[in-house]
Amino acid sequence: MSASEDLFARARRVIPGGVNSPVRAFRSVGGTPFFTRSAEGCRLTTADGQELIDYVCTWGPAIHGHNHPRIREAIAGALARGTSFGTPNPYEVTMAELITELVPSVEKVRMVNSGTEATMSAIRLARGFTGRSKIVKFAGCYHGHVDSLLVKAGSGALTFGNPDSAGVPAGFAAETLVLPYNDEAALRATFEKAGHEIAAIIVESYPANCGLILPKPGFLQAMRDVTKDAGALLIFDEVMTGFRLALGGVQSLEGITPDLTAMGKIIGGGLPVGAFGGRADIMDQLAPEGPVYQAGTLSGNPLAMAAGIAALELLRETDPYPRLDTAGKRIRTALLDAATRKGIPLQVPQTGSMFCLFFSETPVENVEQAMASDSTVFNTIFHRALERGVYLPPSAFETCFISTTHDEKAVDQTCEVINEAFDF
Ligand code: KE4
């Protein structure tokens, strides 16, 4: 039995499914998940000593790779002063000043401890600010395990949602309307019919939890238009894309100004963190300033703030985005070339340091088309790449991430592995 198999057997006796987050269990791709013993730069070392080039990057936070010295030193410096105070601390102020400087739509920001907390709090704030209860989300978008967002589309196009998880009461789901992504007509029809009841749209600025699906031209602007006309708010969930594709997030690339933005991942430098922010007149509705309650024991934790500040300052100093996009394009080309040689239909949506593999004849524009792609082929490629030292996300419906430590040598090695992985 390998060390990972032994660890997994032990884990399953005391942790549900042996994991602290479902996707880590490899249920989608099959097999036993490896356990990571350490990580450095773009490489993980497993409990069995295998070295892997990591394209999961702890699901987004590790844009500077693992164990970056600047981030490690920042944590060590904060650690020397203690771990948690339960009082305001200077790091929180610096973090808030950084975020509001880098993301102009965020005039005020509140730190939390996960992306889920960020989206959950942003929704409560939108409902409190507008006095309305309905929320619009899009099929295939994931915003964390918030009750009111674990909802799938209702029976008809314009009916309210049904629970997408046990434990979510139908009454909670009924307050959520789930629309098809990239369907502007459905969006406009919904707001025509129910706009006066809708508190907010929440949308992944680039959906990346059903693979990577990019918005059709004008789709995000249509959301901005219909929410403005209806007196509803537009919430961009940039937990994944914030600081990943540009310092100002996707909103800066697309020229859209949301009312609220949910953030996470990169702003914690690998430590537990989330944040939500936006227009000051909305944010000032939050306790203790206003009537919308929201709180957190470890919110603004000095270690997480120090790590996140270092991560954001590194991004501002180095502007890694062009190079990350070049690496993304190189890997995309290698994937498409290998698939063409093998005669396998493959789409590789890629933007900056994000890409995914859809084994589909046609481009994927919504979750139905994503689900229709061939995940069996994905699983084969996943395991063949893993055996050869490249770790892709263990699901066809996730997104790959590249870090600044994926240097030429690592990308060259990845392209070689891709060629071998497709040669089955
Ligand atoms: P967390 O609560 O996991 O920190 O963030 C939830 C969340 C919110 N919004 C978006 C756009 C997200 O992608 C996420 C979490 N992303 C997943 C990756 N698909 C985290 C991985 C996991 O669940 O273990």
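Kindly state which strands (runs of 3 or more DSSP E) lie completely within region 233-307 and contain at least 1 residues that are more than 15 Å from the ligand (Cβ to nearest atom).
233-237, 274-278
Between a residue in region 1-27 that is charged (D, E, K, R) and any residue that is at pLDDT 95 or above, which pairs come within a Cβ distance under 7 Å, given they are 6 or more apart or on different chains?
As it stands, the answer is E5/T32; R12/G18; R24/P33, since those pairs meet every condition given.
Quick check on region 51-74. Is at least one of its residues touching a strand residue (DSSP E or B) at 6+ places or on another chain (Cβ under 7 Å), farther than 30 Å from L298 by Cα, in the same structural domain as Q350 (by TED's automatic domain parsing) and of a type in the set (D, E, K, R)?
Checked region 51-74: at least one residue is touching a strand residue (DSSP E or B) at 6+ places or on another chain (Cβ under 7 Å), farther than 30 Å from L298 by Cα, in the same structural domain as Q350 (by TED's automatic domain parsing) and of a type in the set (D, E, K, R).
For region 160-210, enumerate the residues that are open to solvent by 20 Å² or more (accessible area, probe 1.4 Å), at pLDDT below 95 and either outside the structural domain of L149 (by TED's automatic domain parsing) or among the aliphatic types (A, V, I, L, M) (or both).
Passing the criteria: A166, A170, A174.
Residue pairs, Cβ under 9 Å, 6 or more apart or interchain, first in region 234-260 and within 25 Å of T130 (Cα to Cα) and outside the structural domain of F191 (by TED's automatic domain parsing), second more than 14 Å from the ligand (Cβ to nearest atom) and part of a loop (DSSP other than H, G, I, E, B). List them.
From residues that are within 25 Å of T130 (Cα to Cα) and outside the structural domain of F191 (by TED's automatic domain parsing), there are no pairs.
Sort out which residues of region 47-68 are touching a helix residue (DSSP H, G or I) at 6+ places or on another chain (Cβ under 6 Å), open to solvent by less than 10 Å² (accessible area, probe 1.4 Å) and within 13 Å of the ligand (Cβ to nearest atom), and write them in order of number.
G60
For (1) outside any loop (DSSP other than H, G, I, E, B); (2) touching a Pro at 6+ places or on another chain (Cβ under 7 Å); (3) closer than 26 Å to F401 by Cα; (4) within 16 Å of the ligand (Cβ to nearest atom), each residue gets a yes or a no:
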residue: A185; (1), (2), (3), (4): yes, no, no, no
residue: T190; (1), (2), (3), (4): yes, no, no, no
residue: P207; (1), (2), (3), (4): no, no, yes, yes
residue: P217; (1), (2), (3), (4): no, no, yes, no
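Can you confirm whether region 103-122 contains a residue that is of a type in the set (K, R) and buried (at least 19 other Cβ atoms within 10 Å of the Cβ)?
Yes: region 103-122 contains one or more residues that are of a type in the set (K, R) and buried (at least 19 other Cβ atoms within 10 Å of the Cβ).
The values are calculated or read from the model by the stated rules, or taken from the named source; none is laboratory data. All values derive from a computational prediction rather than experimental measurement. All Cβ positions, even for glycine, are placed from backbone atoms using ideal geometry, and neighbour counts span all protein chains on display. All accessible areas refer to the heavy atoms of the entire protein, side chains included, with ligands and DNA or RNA removed. Shrake-Rupley method; radii C 1.70, N 1.55, O 1.52, S 1.80 Å.
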